[in-house]
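Participant: Take a look at the following structure, please.
The values are calculated or read from the model by the stated rules, or taken from the named source; none is laboratory data. Note that the coordinates shown come from a computational prediction; the quantities given were computed from them, not determined experimentally. When we count neighbours, we look across all protein chains shown, and the Cβ atoms used for this are built from the backbone with ideal geometry, even at glycine. What goes into the accessible areas is simple: the full protein's heavy atoms, side chains included, and nothing from ligands, DNA or RNA. Shrake-Rupley method; radii C 1.70, N 1.55, O 1.52, S 1.80 Å.
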Amino acid sequence: MRRRHVRIGLLALTAMAGSVLMASAPAGADPTHSTAGAGSNRSQLEDREAVSLVRLQLTGADMLDKVVAAGFDLEHGVKRVPTGIEAEAVLTAEQRAELQSMGVRILGSDEGFAWNEQADGGIRAAGKQAVQPLNHEQTVRVVRADWFTTKGQGFLYVEARTTEGQQADPVVEMQLENDSGTDTAFGFARTMSRFVDSGQYMFHRNLFKLDKRPSQIRVTSSTGGVTTGKVSDWLENAPPPLTDNPGYKSNFVDDYKTPQQLYGRAKEIAQQYPDIAEIVYLPNKTNGYQRKAQATIGGTGNSAVVVSSAAWGHEGGNDITVEFVERPGANLPLAVEVTGKAIRVLLAKDASGALASTAAEVAAALETRSAGLVDRAHPYRTNAGTGIVAPTSAPVALTDFLDQKRAGAPAGEPPRGPATIPVLRIGKHRDGTKPGVLIQAQDHAREWVPATTSLEAAERLVHNYKTDRETKKIVEDTDVFFILSNNPDGANYSFYNFASQRKNLTNHCPDENADPGRRDSWGVDLNRNYRVASGHDGYSGGSSVCTSGTYQGPEKLSEPESKNIIWLVEKYRNIKFMMSVHSNGGQLFWQPGAYIADGRITTPRPPLGDEAFYWQSASRILSQVKAYRETVVTPENVGGSSDVLYSSAGNVREDLYYTYGIYAFGWEVGGSVYNPATGNWQGGSFQPPWEGDPDLVSGHSETMEYANGIMEMFRVAADWGKDKKDPKSTFVPGGGKYHGPVDVRFETNEPATIYYTTDGSRPTLQSQRYEATDFREPGQVFHVTETTTFNWFSVDAAGNIEQNYDPTKNDKRNNYRTATIKIDKK
Ligand SMILES: [Zn+2]
């Protein structure tokens with residue numbers, strides 16, 4: 001466990017539980033299992049490896065790191081379970097076998113972890129559990145205790161820590177009890193689950209059904225620690241959503257949208273509402289919905305040759321044919337004839353008249369003697385190409401495979417070639433004076449709901465601006481930038497060719513992975529291509545393997561799509577909020593989002609004020625999501641993403657927060673929903689049926705509920721922009737005379753960060769920062785044993801400083817806060 005030491009006369013003391021993290025709190029939930037959505041489409045195309053969506057069980061983060069490093073994408077449906085991690089992956093049969101050989105378990109369709117949900121309906125055997133002596137009273141702290149309801153069912157989610165949690169032999173067990181709300185006696189003891197990640201103890205936790213809201217819990221450790229904590233509400237009693245306002249218009253999006261449809265509508269909106277909307281074009285064109293025309297000729301062995309055209313398929317590559325020809329006779333040299341787009345390779349013969357050209361020789365001849373038609377030819381995968389090439393029975397046509405459409409593809413033909421991405425900018429005052437909010441959807445191609453969710457939010461802004469007071473305030477007080485799809489090439493591939501496409505279409509693969517059988521695995525994971533906490537710098541969760549689902553690219557910002565985001569936030573410095581919208585999972589994240597696995601070293605934790613502001617904002621956003629059909633994003637799925645899920649090296653959120661100070665959220669929309677008919681949580685999918693069961697898995701319902709959340713994010717930004725009020729802090733229990741040592745801490749009236757000194761000096765932004773006791777916990781407690789003066793000030797999320805103190809200048813007022821603890825030692 002981390003410990004921090006505070007100077008002179010002070011001991012950093014782990015705070016006793018009781019208080020639960022700022023803002024409202026709440027609870028978690030858990031789908032018993034998820035099943036495949038459209039992501040499981042099987043391809044009937046020739047020369048392509050069939051894939052299916054499977055659910056996996058891994059022993060923990062160490063195994064997850066190994067699996068990701070080996071090139072697997074396990075990004076979605078990831079769930080921390082007491083026995084390790086469960087995740088989903090789109091796999092070929094070969095990949096399944098490889099994973100199994102690494103020790104990963106493939107789960108059956110009805111397997112998977114479920115919390116032991118017990119609707120106890122009250123307290124059983126109250127008081128039966130013996131209270132342990134308080135001889136280890138500092139060893140247990142409540143981190144969170146959250147109550148929520150969904151569709152008539154109550155849930156309690158608890159996280160608690162013991163200072164002896166890392167101890168392995170024996171492992172410390174924790175028991176959780178709760179009162180009944182009306183009866184204050186504790187009872188119904190349950191054993192909590194110990195959560196370990198990358199070898200580090202995180203905390204113990206539990207989620208379970210309850211019929212009545214408890215007001216307090218008690219946690220007891222097997223080493224004698226015991227503490228109690230208050231239960232907080234999570235997303236309960238939220239204000240009504242904007243959609244309840246009379247005359248409010250919503251429900252604009254009627255189906256999934258291709259990038260062309262999204263961009264077309266964005267441009268229409270800018271034309272129809274020129275007073276509040278415009279298009280900003282991103283400067284870097286994508287690498288394009290296009291491929292080189294290819295063929296693998298002569299099987300898949302040592303005699304096979306992989307051929308790729310110099311021209312893109314649609315620009316002539318698809319017209320090329322390649323034929324391997326056997327001539328009569330002996331002692332014939334290898335030769336190449338080119339007539340128009342027809343390439344004939346005349347195979348060599350030896351003195352006895354036997355064929356004599358190897359695959360490596362034929363490939364070299366194609367690269368250098370095809371009149372520029374072929375720019376890449378090589379043996380198949382890892383073969384050396386020493387096999388003798390056989391003649392073809394007929395000319396082989398090269399193809400980019402893009403005209404081979406998947407079943408269910410939309411009508412029409414997506415445009416080939418590079419795309420320019422339009423940003424739909426909405427705001428009455430687009431002059432940099434209002435807080436900017438960047439909504440960036442569909443970095444990952446197969447995630448179709450984030451795009452429709454973002455478009456729905458844009459439509460609500462422009463349609464309600466003139467008629468709805470709250471919407472008018474948003475448009476007048478913010479400057480919103482929508483990127484409705486940040487991966488149009490990959491998205492077109494997902495719509496038209498291969499539903500499970502995740503990355504962009506750029507092929508960075510060397511020869512051994514460049515044959516067209518691997519074409520569904522090429523591309524860069526755009527959300528691993530950024531500069532902060534990159535896989536290139538040793539952070540965990542990005543892959544250097546070009547066929548990996550989390551391939552980070554050959555270098556940081558190698559891709560036009562990620563370069564564009566940096567361009568945008570550098571050009572529009574008023575952008576202070578960002579939401580990277582993904583699916584599916586029912587999660588809301590911020591920093592830290594990446595770590596170095598060895599030692600589990602995360603990116604720096606946001607200051608306490610930022611952390612509290614993130615929680616407060618999350619609570620507002622998710623309350624509005626819940627308002628649509630009672631979907632609850634549970635607190636176990638909210639927070640620093642590497643705290644609650646896994647490390648994502650080089651993600652966009654880390655770059656925007658640490659480089660530019662932008663509050664950068666990551667959202668997994670469309671997660672589990674509770675099904676009261678079965679009593680279970682039902683998992684989501686990347687492409688749920690648009691008109692599915694409106695109460696369960698439905699693209700339409702997810703679009704509407706998460707658009708509510710995006711609208712609330714705009715209101716968070718508007719409030720932030722108007723916040724000119726200084727924060728106020730309290731020193732508890734306060735300065736004065738004490739007989740003997742005293743425990744002190746700071747509190748603030750809103751999310752704010754405190755800087756303090758204890759040596760009598762003036763506090764500045766370089767002074768010690770008041771920190772959390774441990775992550776996901778409230779502020780630390782100081783055990784003061786000698787007379788000490790605390791000087792401090794607080795700064796809120798909008799940058800307002802308590803009492804207008806200026807920490808940068810040594811001005812005469814010196815109006816920082818101060819308090820002296822006088823210890824009378826008799
Ligand atoms: Zn994603």
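Participant: Kindly write out, for segment 669-685 in residue order, the coupling ³J(HN,Hα) from the Karplus curve 6.51 cos²θ - 1.76 cosθ + 1.60 (θ = phi - 60°), rounded to whole Hz, with x marking Gly and Pro.
Facilitator: Values per residue, Gly and Pro as x: 7, x, x, 6, 10, 7, 10, x, 5, 9, x, 10, 8, 9, x, x, 8 Hz.
Participant: Using each residue's phi in segment 351-357, evaluate 6.51 cos²θ - 1.76 cosθ + 1.60 at θ = phi - 60° and report the 3J(HN,Hα) Karplus result to the nearest Hz, with x for Gly and Pro.
Facilitator: Residue by residue, segment 351-357 yields 4, 8, x, 8, 4, 9, 8 Hz.
Participant: Counting only protein heavy atoms and a 1.4 Å probe, tell me what percentage of segment 599-663's accessible area is made up of carbon and sulfur.
Facilitator: Values: 690 of 1310 Å².
With neighbouring chains kept in place, the figure for segment 599-663 is 52 percent.
Participant: Okay, next question. Convert each backbone phi in segment 218-226 into a coupling constant with the Karplus relation 6.51 cos²θ - 1.76 cosθ + 1.60 (shift: θ = phi - 60°), then list the ³J(HN,Hα) values in order as whole Hz, x for Gly and Pro.
Facilitator: My calculation for segment 218-226 gives 9, 10, 10, 9, 6, 9, x, x, 8 Hz in order.
Participant: Only bridges with both residues in the chain count here: give the DSSP antiparallel percent, nearest 5. Don't skip to the end; give the middle numbers.
Facilitator: On the way: 114 of 149 bridges.
Roughly 75 percent of the beta bridges in the chain run antiparallel, per DSSP.
Participant: Now a separate question. Nearest 0.05, what FRET efficiency do residue 476 and residue 783 give at R0 = 56 Å with Cβ-Cβ as r?
Facilitator: Result of the calculation: an efficiency of 0.65.
Participant: Could you sort 581-592, 714-725, 328-339, 543-554 so that the peptide with the highest average Cβ count within 10 Å comes first and the rest follow in order?
Facilitator: 581-592, 543-554, 714-725, 328-339
Participant: Quick query: amide H of residue 336 versus all other amide H atoms, modeled in the peptide plane; which residues come in under 5 Å with a sequence gap of 5 or more or a different chain?
Facilitator: 346
Participant: Okay, next question. In percent, how large is the relative contact order of the chain, given Cα pairs closer than 8 Å and 6 or more residues apart?
Facilitator: Details: 2153 pairs, mean separation 119.8, N = 826.
Once normalised by length, the contact order is 14 percent.
Participant: Between residue 759 and residue 659, how high is the FRET efficiency from 1/(1 + (r/R0)^6) when r is the Cβ-Cβ distance and R₀ = 25 Å? Nearest 0.05.
Facilitator: Numbers: r = 33 Å, r/R0 = 1.31.
Working from the Cβ atoms, E equals 0.15.
Participant: With a point put 7 Å past each Cα toward its Cβ, work out how far residue 403 is from residue 330 in nm, to one decimal.
Facilitator: So the label points at residue 403 and residue 330 sit 4.5 nm apart.
Participant: 5 Å is the cut-off here: which amide hydrogens, built 1.01 Å from N in the peptide plane, fall below it relative to residue 497, excluding neighbours closer than 5 in sequence?
Facilitator: For residue 497, the qualifying residues are 406.
Participant: Taking the simple approach of a point 7 Å from Cα along Cα-to-Cβ for both residue 571 and residue 191, what is their distance in nm?
Facilitator: Calculated label separation equals 5.9 nm.
Participant: Tell me the trypsin sites (Lys or Arg not before Pro) within segment 426-471 that lie in a loop according to DSSP and have at most 10 other beta-carbon atoms within 10 Å. If you can, show how the numbers build up before the last one.
Facilitator: Values: sites: 428, 430, 446, 460, 466, 469; in loops: 428, 430, 446, 466.
For trypsin sites (Lys or Arg not before Pro) across segment 426-471 that sit outside H, G, I, E and B with at most 10 neighbouring Cβ atoms in 10 Å, the list is empty.
Participant: Another question, if that's okay. Helix-only estimate, please: 222 nm mean residue ellipticity of the chain, summing -39500 (n - 2.57) across DSSP H runs of length 4 or more and dividing by its residues, to the nearest 500.
Facilitator: Numbers: 12 runs with 148 residues, N = 826.
It comes out at -5500 deg cm²/dmol, rounded to the nearest 500.
Participant: Sticking with this structure for a sec: Under the 0.36 nm per residue contour assumption, what length would be gained going from the current alpha-carbon distance of residue 300 and residue 275 to full extension?
Facilitator: 3.0 nm
Participant: The chain: D in µm²/s via Stokes-Einstein (Kirkwood Rh, Cα pairs, 25 °C, 0.890 mPa s)? Before the final figure, lay out the partial values.
Facilitator: Numbers: Rh = 29.0 Å.
It diffuses with D of about 85 µm²/s by this estimate.
Participant: Keeping all protein chains in place, calculate the accessible area per residue for segment 316-400 (probe 1.4 angstrom), answer in Å². Could the numbers behind the result be given before it?
Facilitator: Values: 3790 Å² over 85 residues.
On a per-residue basis, 45 Å².
Participant: Taking loop as defined by DSSP and a crowding limit of 12 other beta carbons within 10 Å, which GluC sites (Glu not before Pro) in segment 527-620 fit?
Facilitator: Details: sites: 555, 561, 570, 611; in loops: 555.
Filter output for segment 527-620: 555.
Participant: I've got another one for you. Using amide H atoms built in the peptide plane, which far-off residues or other-chain residues are under 5 Å from residue 583 H to H?
Facilitator: Excluding prolines and chain starts, which carry no amide H, the hits are 669.
Participant: Is there a pair in 728/822; 725/825; 473/728; 257/341; 285/556 whose C-alpha atoms are over 29 Å apart, and which pairs would that be? Before the final figure, lay out each step's value.
Facilitator: Working: 728/822 23 Å; 725/825 41 Å; 473/728 27 Å; 257/341 37 Å; 285/556 17 Å.
Long pairs (Cα-Cα over 29 Å): 725/825; 257/341.
Participant: While we're here: Under a straight-distance cross-link criterion of Cα-Cα below 19 Å, which aspartates and glutamates are reachable from residue 472, leaving out those fewer than 8 residues away in the same chain?
Facilitator: Residue 472 reaches 244, 275, 278, 431, 456, 459, 712, 719, 723.
Participant: Something else now. Only loop residues by DSSP count here, and only those with at most 16 other Cβ atoms within 10 Å; note down the trypsin sites (Lys or Arg not before Pro) in segment 217-254 that meet that. Present the calculation step by step, with values, prior to reporting the outcome.
Facilitator: Values: sites: 218, 230, 249; in loops: 249.
Taking segment 217-254 and a limit of 16 other Cβ atoms within 10 Å, the loop trypsin sites (Lys or Arg not before Pro) found are 249.
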